[in-house]
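See structure below.
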Amino acid sequence: MYKAVDTFPPGFIWGSGTSAFQNEGAWNQHGKGVSIWDHFTHSSTSDYFPRETADVASDSYNCWEEDVAALGYLGVRSYTFSLSWPRLFPEGNATGEPNAAAVDHYSRLIERLLEKKIEPIVTLYHWDLPQVFQDQYGGWKNNTLVEHFEQYATFCFSTFGSRVKYWLTMHNPYLVAVQGYGTGVHAPGEKGGVSSSLTVAHNLIRAHAKAWQTYNTHFRPTQRGKVSIVLGSHWVEPHRGQPTAANVALCQQSMEAILGWFADPIFGAGDYPVSLKIKYADLMPRFTPEEKLWVQKTADFFALSFGPNNFRLGQNLLHNGQSITPDLRRLLGWIKLEYGNLRVLVAEGGWFSDASVGREDTVAIYLMKSFINQFDGVQVFGYSAWSLLDGFEWNYGYSVRRGLFYVDFNQPNRTRVPKTTAQYFKDLMQLHRCQSRVKAFYGQRSCQKETMHERHDPVVFAEFLLVFVSFKFRL
């Protein structure tokens with residue numbers, strides 16, 4: 001572990017994150033409008049969907065100061081959170097008057113984070129579309145939403161952009177397209193199959209590109225921030241002992257069907273992978289020559305979601321002779337080979353634990369340790385442990401937990417209690433900071449060639465040893 005932590009650059013952005021629908025609660029408080037997830041959880045009669053809602057969830061809308069205190073306990077450098085579109089614009093249309101209470105809420109949160117020297121990384125859309133757009137247009141199946149999203153993004157850039165340096169347009173659009181409009185497992189619960197998923201994905205990509213172009217033209221010159229989109233994936237490889245050329249080719253196609261579907265247009269030449277165009281033929285939407293030009297290269301870094309959502313879904317999408325694995329190292333290597341040596345932010349890293357596990361979660365610690373040891377060979381500049389708090393886990397409801405902080409959903413005050421994963425993550429970051437201080441004092445070469453006696457600062461060295469020893473004994 002010492003060697004792994006030692007390899008992170010001094011400016012590495014350690015962080016944690018949440019999403020609005022999963023954690024904010026206050027679903028109808030202070031003028032918030034109804035989202036597709038509000039409507040879906042209130043009306044779902046599906047046998048595979050728990051009859052639970054996120055009406056209160058972790059109550060982060062009201063307990064945001066406790067969330068900032070939890071971040072301070074960890075000692076993170078960043079906090080990824082999403083804005084609630086229906087909270088800011090209850091009627092959806094961002095050309096109208098915003099909900100002043102929502103604007104004030106997010107402004108207070110951003111200001112407090114900056115006071116605590118925590119970088120806000122803000123997601124514009126984490127799946128909670130205003131229900132009014134679903135009712136009026138059929139949601140993301142309608143290309144009208146591309147313009148609406150651009151207007152919403154413009155408002156957010158204008159209102160919060162002077163204080164936000166990292167923007168994420170949307171989170172894991174693959175799951176929106178497939179689970180939301182293809183299988184109906186997620187909101188809005190439509191079972192339109194492949195055709196609907198392809199159309200929705202097309203509109204999501206175009207909406208992202210429009211937002212990036214808007215920022216690039218009108219806001220980047222003065223705000224000087226960076227904008228990307230969070231794409232989710234797992235790793236696919238041939239079954240052990242079956243690395244035939246045919247199986248390797250099928251694995252490549254599977255990766256293109258998950259990650260390449262969105263990454264090729266945005267990080268590549270503005271178009272879909274050839275394998276998808278062949279597979280879906282006339283069902284596959286087409287980018288016009290003009291669209292290809294303004295869709296390509298519309299991300300300032302690669303933002304990756306690596307967790308159980310794609311992993312579980314991917315189990316159903318594999319061809320014969322393939323295995324799906326949580327191998328982050330190989331996934332990052334594939335991204336580098338396909339799209340170049342990009343700077344990468346792991347915007348969501350973590351795993352599910354059964355709700356019965358409680359506060360002592362050794363498996364989650366093991367997985368976190370495993371993931372953060374797989375960043376070698378690529379330019380990973382940040383890692384967001386997902387998530388900060390236990391919350392509403394989409395189609396799994398409250399049956400699983402992902403938080404670094406335990407939340408008792410039966411208690412009205414929703415107290416945040418650090419789990420063993422929180423302590424582990426805190427110690428890891430503290431060790432990295434101490435190692436960075438030692439390097440800064442002794443220099444890169446002296447860390448390898450000089451002894452501590454030759455250039456000895458007892459305060460720096462003693463602090464490093466104390467943190468290092470305590471960290472090692474907790475493993």
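Quick check on my filter: what residues within the stretch 112-163 are under 18 Å from Ala100 (Cα atoms) and of a type in the set (Val, Ile, Thr)?
Thr154, Thr159
Could you tell me whether the stretch 277-288 includes any residue that is in contact with an Asp or Glu (Cβ under 7 Å, 6 or more places away or on another chain), in a loop (DSSP other than H, G, I, E, B) and more than 23 Å from Gln179 (Cβ to Cβ)?
yes
Out of all the residues in the stretch 303-323, is one or more in contact with a helix residue (DSSP H, G or I) (Cβ under 7 Å, 6 or more places away or on another chain), farther than 12 Å from Phe371 by Cβ, at pLDDT 80 or above and crowded, with 21+ Cβ neighbours inside 10 Å?
Within the stretch 303-323 (the criterion being in contact with a helix residue (DSSP H, G or I) (Cβ under 7 Å, 6 or more places away or on another chain), farther than 12 Å from Phe371 by Cβ, at pLDDT 80 or above and crowded, with 21+ Cβ neighbours inside 10 Å), the answer is no, since none of the residues qualifies.
Scan the stretch 370-385 for residues that are buried (at least 24 other Cβ atoms within 10 Å of the Cβ) and aromatic (Phe, Trp, Tyr) and report the count.
Of the residues in the stretch 370-385, 1 are buried (at least 24 other Cβ atoms within 10 Å of the Cβ) and aromatic (Phe, Trp, Tyr).
Can you tell which of Val164, Val185 is within 18 Å of the chain's Cα centre (by Cα) and within 25 Å of Asn23 (Cα to Cα)?
Being within 18 Å of the chain's Cα centre (by Cα) and within 25 Å of Asn23 (Cα to Cα) holds for just one of Val164, Val185, which is Val164.
Tell me the strands (runs of 3 or more DSSP E) entirely within the stretch 356-475 that contain at least 1 residues that are modelled with pLDDT of 95 or more, in contact with a strand residue (DSSP E or B) (Cβ under 6 Å, 6 or more places away or on another chain) and among the aromatic types (Phe, Trp, Tyr).
379-386, 405-407
When the stretch 120-151 is examined, which residues are found to be over 16 Å from Thr95 (Cβ atoms) and surrounded by fewer than 18 Cβ atoms within 10 Å (Cβ to Cβ)?
Selection gives Asp135, Asn142, Asn143.
Being over 24 Å from the mean Cα position of the chain (by Cα), farther than 26 Å from Gln374 by Cβ and hydrophobic (A, V, I, L, M, F, W, C), is that true of even one residue in the stretch 209-232?
No, there is no match, as no residue in the stretch 209-232 is over 24 Å from the mean Cα position of the chain (by Cα), farther than 26 Å from Gln374 by Cβ and hydrophobic (A, V, I, L, M, F, W, C).
The values are calculated or read from the model by the stated rules, or taken from the named source; none is laboratory data. These figures come from a predicted structure and were not determined experimentally. No Cβ is skipped: glycine too gets one built from the backbone with ideal geometry, and neighbour counts run over all protein chains shown.
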